[in-house]
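To keep things clear, I will list the structure first and then write my remarks on it.
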Amino acid sequence: MGDVTEQMSEVKSALEYSPAEQEARSVGVAAVSWLLTYPQEGTWRDELLELQNDLAAARTDVASLLAPVLDEFLRTPVTILQRRYVETFDFSDKRTLYLTAHELGDSRKRGTALIECKQLLEEAGYELAGSELPDYVPLLLEFLAVKPETVNTLSLEQRLAWVCGQVYAALPEESPYYPVLQAALDLLPEVSPESGGGAREEADLAELPYPLHYD
């Protein structure tokens, strides 16, 4: 038990940042969250422009990693981005952006896990808007970017790190989303590939003929 406590203490200390570092990290997490969100006209692009300015001011390694992606996304027509997004994330369970789908697959436990995700957000003072599931990775990353420092999200961050690692490993290096997932891993705690998915029941979703989610 002592070894586990010591390891957890090391992780917590690694996640302690100065105010300036925390602000830069929040900007990076927010940028990753928005880049992993389904692209839409209007507010989606407006937010990208704001994040582009914030990242330029942050001058971090993550900002340098994401800058070319932001430039490309802002130059590319939204219809092309939408098609690329669906092809990347909605046709393969290995690349889906739903936390508990990676962790639990088709297990009946997933329903309970979704309720727990929703409760986590509500207990922190946030209410879900729209029809998105509460385990949608961009939504949870957005939560990490704006949550009060007093809210302990270590376990959630570790879970997100594992899932982002799974998606990252399943992406081709030439994918525009490859550096976005790399940035997510740089911003989240380091975890081993074997640390998650223990209760997963494999689903027959390797290559779906239809998207898991599409607005």
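Below are the figures for this structure:
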| read-out | value |
| --- | --- |
| Inter-part distance where region 76-140 and region 13-73 are each reduced to a Cα centre, Å | 20 Å |
| Region 53-208, accessible area per residue, ligands and nucleic acids excluded (1.4 Å, Å²) | 52 Å² |
| Ordering of 161-171, 73-83 by packing [mean C-beta count within 10 Å, highest first] | 161-171, 73-83 |
| For region 12-126: rounded, prolate or oblate by the Cα gyration tensor [a/c cutoff 1.5] | oblate |
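The values are calculated or read from the model by the stated rules, or taken from the named source; none is laboratory data. Because the structure is a prediction, the values reported are computed rather than measured. Virtual Cβ from ideal backbone geometry, glycine too; neighbours counted across all protein chains shown. Areas reflect the complete protein model, heavy atoms only, side chains present, ligands, DNA and RNA absent. Shrake-Rupley method; radii C 1.70, N 1.55, O 1.52, S 1.80 Å.
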